[in-house]
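Engineer: Here it is: the structure, laid out below.
The values are calculated or read from the model by the stated rules, or taken from the named source; none is laboratory data. This one's a predicted model, so the numbers in the text were calculated from it and none came from an experiment. Here Cβ is always computed from backbone atoms with ideal geometry, including for glycine, and neighbour counts include all displayed protein chains. Note: accessible area is taken over every heavy atom of the protein model, side chains too, but ligands, DNA and RNA are not part of it. Shrake-Rupley method; radii C 1.70, N 1.55, O 1.52, S 1.80 Å.
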Amino acid sequence: MNRPVPGRRSRQARAAVVASLVAGFAAVGLFTSSRAAENPYAPDTPEPGSVEAIARDTTEPRFLSPWVAYVPASATVPSPTKRLGHIAGAAGELTHAAQIQGYMRAIAAASPRLRVETIGKTEEGREIVLVVIADEAGIRDLARLKAATAALADPRRTSPEEAERLIATARPVYYFNCGLHADETGSPEMGLELAYRLAVSEQPMIRAIRERVLVLINPIAEPDGRDKVADWFYRYLKGKTDYDALPRMSPPYWNRYVYVDINRDAHQKAFGATRAVHDMFHDWHPTVVHDLHEAIALLQTWNGTGPYNPHLDPIVTSQFLEMSFHEVTALTAMGMPGVWTWDFGENFGLHYLDSVAMNHNSIGRGYETFGNTTPETVDRSILGGGTEQETYMTREWFRPVPPPQAFRWSMRDNVNYQQTGALSILDWSARHAQEMLRNFYRTGYNSWRKGVTEKPFAFVIPDGQDDPLRVAAMINRLRDQKIEVGRLTADLKVAEGTFRRGSFIVKLDQPYRNYAVDVLEPQRFPAESPSIPYDDVSWAFPVGFGVIAARIDDERVKGAPAEPLKVDVEARGQVTGNGPVFLLRDSGQEALLAARVRLARFKVEIAEKAFRNGTVDYPAGSWILPRQDGLRQALDAVSRELALDFRSAPKGPDVARHDAALPRLGVWVPWADTDSMGWIRYTLDREKVPFTYLRDEDVRAGGLKQKVDVIVYGPFARLELQGQIHGIAPTAGPMAYTRTPEFPSHGEPVASDDITGGPGFVGLEAIRRFVEEGGVLLTLGNGSTLALEGGLVRGMRRAADSEVFTPGSELRLTFDRADHPIAYGYGAGTSVFRLNNPVYDVPMRWATMAYCTSCLEGPADRRFVVSTWGGPGPMVVSGGMRGEARLKGRPAIFDVPQGRGHVVAYNFSPIHRDMNRSDHRLLWNAILNWSALPR
Ligand SMILES: [Zn+2]
């Protein structure tokens, strides 16, 4: 199409853009000045050239607002152009993390209205900083302002009258996260200009924001990813403007472990980026936490379609709608098309970075603007390609002006939309400052009072559970989320039962009561709801940790004597007796793989049947450690670290057993999708379990059985069979991901001379041979597609019916082979976390037909099925699902002997993020018993 574009636009056309913007100032009437004819920007003076530069990089006048059409000049504070040599969002420029942070420090050095502090560190050691902006008085007064929001956050120590007194002189704190998703590249550029504008502009609107609000900007929430993406741009994308022909736009890693999932970490706080924002939150108590994302045209302001999380206060759910509608109205009134709200996500699950606010009585919200990833200006079309964007094209009550269908789009356009939106809501916040603070206080007050007046009144986590390590981990996670936990100082008798002294108790008369109930109760997602959830619908901690937490509705629990926990819980095991043989009772402890690694130099045997020793019953899976030099000291260390109990016996029991040979463990991470496998690596690293990282090229090189005994593969959120085989398309030739002087961020955590091509058929043959030669392949979640549909094993097929829908729920399964080592520690059944993975089937004998090729081979042996979905009672333990009857009885775990080895395929992932700790053993069991899986 032949549309005018910036590079080719005539001087005349550019002048027309500027003129139309200047006219816009008068029309909007927000920047009013009696001298508008001489200087429409008064009282500001534009930095020379800024109006023209912004117009040049804006592709159409309607993609710009008067507020951001110029950069105010300052004699003392350096503008982005003075520091970087170009305006924020200039075509073809992507700023690295250190430059962004350095610029913020430069403004802080020159302006009394801005301060920079460090709030955390990333996995690769980069700093995470916070920019604080207010007028001079506000910056001088930060300690008092912070104390005020902290007091408002705890209604137990701040009465409504005292709150009103504080509100009169406090300020709402409005916080922005830029650059969380590293391939959404615009917001860190936008943040540069927003910070500068807020610091120096004398527009009445900006002055009011400075005087009535504390603005916090995290200019680069995930600096590790930012640098990798910036290097990637300069390495592979710079100068390329045919959008549809661009090679892969993102490096294979952002953070050391994950990319998209950096924004699914609110409950577990696994990563530095999350911990920094949570620490910031509990220091400043922001009224609003606002994430900036770039996946939808042209500006979608979030609040979720519903169903809303049942524990959100109604004040929150109506205030965030009000805020979004303000933005839609403000930008639409300025003539900017494609600004809309509501119909995106659901706001039932709150596991995103901004959720720290929603989970702690503030408002979490965000934008999706339209990002190109590449800072080059390109032609974009929303229609075609079958993306969800196509469904965002209609005019609706929540979308008054839909986005155009095809247009030219620049980084500056994106910056214009984000910054105009941000200014509109800061303007709104300045005008609703006291109301916002009152609602913040009232939300916390309501949450606390619910715990005083409504059931449940507490949760009790009994001491002495099967895995004290997981109990401690769950308690510490609650504490890490600022949920107050105590310990019973006397036995407690209530309607729900008797709980021993020493048990943990979460009394709900506390400000974060709503979040406590949300994470301690199973979720009930209305699965028949017409809107498909955006992400997981189960996150209950007791379910995920496999820990008993009793809900207490008996009001007497309020008076239960308990002392608050002041420090994290440390679980400890013990070693009793002096051997010479030691026994470890398998009660499903998570730490058995870590323990086996710590005891690598010792012989460990695993009982294949239950046995009794003295007065203790040992189930199958229990450990027998024969007499060995130095064993006792090693067990002391393991029991201390991993909370495992070892008891001595005069001799080994008379029971069938096998050697628990520690395998050489391999983790095959395809370059095409490192995200969900990052959690596997994260978990192994945390537990200090060594493994060999296998890249696609390592798999292609073959000889795998010479290197490793067990390979873990999967689960993958999105990678389909074709992508699992062929990987990243080599459309632009080989793509190296190596550290070089020019691209120093690349090569972490693992380098490659070429990330394209996947394992290919050569790699599949190498995997087949690995199993033939005695290796064990463990495929998780969607990784099982490769095994079951890619032809590594025969006789399994994808079930024909598609009514099954399990969007991240905790579901029951039953062990058909309760004596299989994978079942050790679990009894007859358990529940596991299941994403919406494909459903599989073993063809039945009567289904044999001439046109079913896999049936001609004869049906697969049902004995390969270790466990099937369903169990006593409803299948859903937490979350929600559709098509329960269609899933029930279908395989959940297969173990297929193949050649001298095995393929074990899980129809779910035993490691999903860091949420389903009680499922880990299902994977550890296959690793610990790899050499003794039944033939
Ligand atoms: Zn995003």
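Engineer: Give the calculated FRET efficiency between residue 722 and residue 751 to the nearest 0.05, with a Förster radius of 30 Å applied to their Cβ-Cβ distance.
Structural biologist: The value I calculate is 0.70.
Engineer: Along the range 779-788, what does the Karplus equation 6.51 cos²θ - 1.76 cosθ + 1.60 (θ = phi - 60°) give for ³J(HN,Hα), rounded to whole Hz, x for Gly and Pro?
Structural biologist: Per residue, the Karplus-derived 3J(HN,Hα) values read 9, 10, x, 5, x, 5, 4, 4, 6, 8 Hz.
Engineer: For the range 616-687, what ratio Rg/Rh do Cα atoms give with a Kirkwood hydrodynamic radius?
Structural biologist: Result for the range 616-687 is an Rg/Rh of 1.10.
Engineer: For a quick check of understanding: with a 1.4 angstrom probe and all protein chains in place, what accessible area in square angstrom does residue 772 have, to the nearest ten?
Structural biologist: Accessible surface of residue 772 is approximately 70 Å².
Engineer: Set the Förster radius R0 to 41 Å, insert the Cβ-Cβ distance between residue 137 and residue 491 as r into 1/(1 + (r/R0)^6), and round the FRET efficiency to 0.05.
Structural biologist: In this case the efficiency is close to 0.15.
Engineer: Among residues other than residue 661 whose Cβ falls under 11 Å from its Cβ, what is the net charge (Lys/Arg +1, Asp/Glu -1)?
Structural biologist: Charge balance near residue 661 sits at 0.
Engineer: According to a simple spin-label model (label point 7 Å from Cα along Cα-to-Cβ), what is the distance in nm between residue 769 and residue 738?
Structural biologist: So the two model labels end up 2.5 nm from each other.
Engineer: Right, next: Ordered by residue, what ³J(HN,Hα) values in Hz, to whole numbers, does the range 149-156 give under the Karplus form 6.51 cos²θ - 1.76 cosθ + 1.60, where θ = phi - 60° and Gly and Pro are x?
Structural biologist: 5, 5, 5, 5, 6, 10, x, 5
Engineer: Still on this structure: Given Cβ point charges of +1 (Lys, Arg) and -1 (Asp, Glu) and nothing else, what value in debye, to the nearest 20, does the dipole of the chain about its Cα centre take?
Structural biologist: 1220 debye
Engineer: Sticking with this one: Along the Cα→Cβ direction, 7 angstrom out, place labels at residue 390 and residue 406. What is the inter-label distance in nm?
Structural biologist: If labels sit at residue 390 and residue 406, their model points lie 1.5 nm apart.
Engineer: Going by accessible area, probe 1.4 Å, with all protein chains left in place, what is the ranking of 96, 746, largest first?
Structural biologist: Accessible-area ranking of 96, 746, largest first: 96, 746.
Engineer: What does the accessible area per residue of the chain come to in Å², with a 1.4 Å probe and no ligands, DNA or RNA counted?
Structural biologist: Spelled out: the 1.4 Å probe surface of the chain, per residue, equals 35 Å².
Engineer: With all protein chains present, calculate the accessible area of residue 81 using a 1.4 Å probe and round the result to the nearest 10 Å².
Structural biologist: 50 Å²
Engineer: Roughly speaking, what is the stretch gain from residue 169 to residue 688, that is 0.36 nm per residue apart minus the C-alpha to C-alpha distance, in nm to one decimal?
Structural biologist: Additional length available on full extension: 181.8 nm.
Engineer: Hey, another quick one. How much length is gained if the chain between residue 333 and residue 568 is pulled fully straight, taking 0.36 nm per residue apart and subtracting their Cα-Cα distance, in nm to one decimal?
Structural biologist: 79.4 nm
Engineer: For residue 315 and residue 397, FRET efficiency with R0 = 25 Å and r from the beta-carbon atoms, rounded to 0.05?
Structural biologist: The value I calculate is 0.65.
Engineer: I've got another one for you. In the chain, what percent of the accessible surface is made up of carbon and sulfur (1.4 Å probe, ligands and nucleic acids excluded)?
Structural biologist: 51 percent
Engineer: Rolling a 1.4 angstrom probe over the protein chains, ignoring ligands and nucleic acids, what is the accessible area of residue 535 in square angstrom, nearest 10?
Structural biologist: 20 Å²
Engineer: Here is a follow-up. Per the helix-only calculation at 222 nm, which mean residue ellipticity applies to the chain, given -39500 (n - 2.57) for every DSSP H run of n ≥ 4 and division by its residues, nearest 500 deg cm²/dmol?
Structural biologist: The per-residue figure over the chain is -9000 deg cm²/dmol.
Engineer: Any idea what Rg and Dmax come out to for the chain if you just take the C-alpha atoms, in Å?
Structural biologist: For the chain, the Cα-based Rg and Dmax read 29.5, 99 Å.
Engineer: Here's another thing I want to ask about it. Is the shape of the range 166-270 best called rounded, prolate or oblate, per the rule: a/c under 1.5 gives rounded, else a/b larger than b/c gives prolate, else oblate, with a ≥ b ≥ c the square roots of the Cα gyration tensor eigenvalues?
Structural biologist: Cα axes put the range 166-270 in the oblate bin.
Engineer: A further question on this structure: List every residue whose amide H lies under 5 Å from the amide H of residue 878, counting only residues 5 or more places away in sequence or on a different chain, with H placed 1.01 Å from N in the peptide plane.
Structural biologist: Sorted by chain and number, the residues that satisfy this are 810.
Engineer: Which links in 269/558; 240/269; 82/146; 269/507; 121/240; 651/688 stretch past 27 Å when you go from one Cα to the other?
Structural biologist: Pairs exceeding 27 Å: 269/558; 240/269; 82/146; 121/240; 651/688.
Engineer: List the GluC sites (Glu not before Pro) within the range 163-226 that DSSP assigns to loop and that have no more than 10 neighbouring Cβ atoms inside 10 Å.
Structural biologist: Passing sites in the range 163-226 do not exist.
Engineer: Let me ask something else. Just add up the charged neighbours of residue 530: K/R +1, D/E -1, any other residue whose Cβ is under 13 Å from the Cβ of residue 530.
Structural biologist: Summing Lys and Arg as +1 and Asp and Glu as -1 gives -2.
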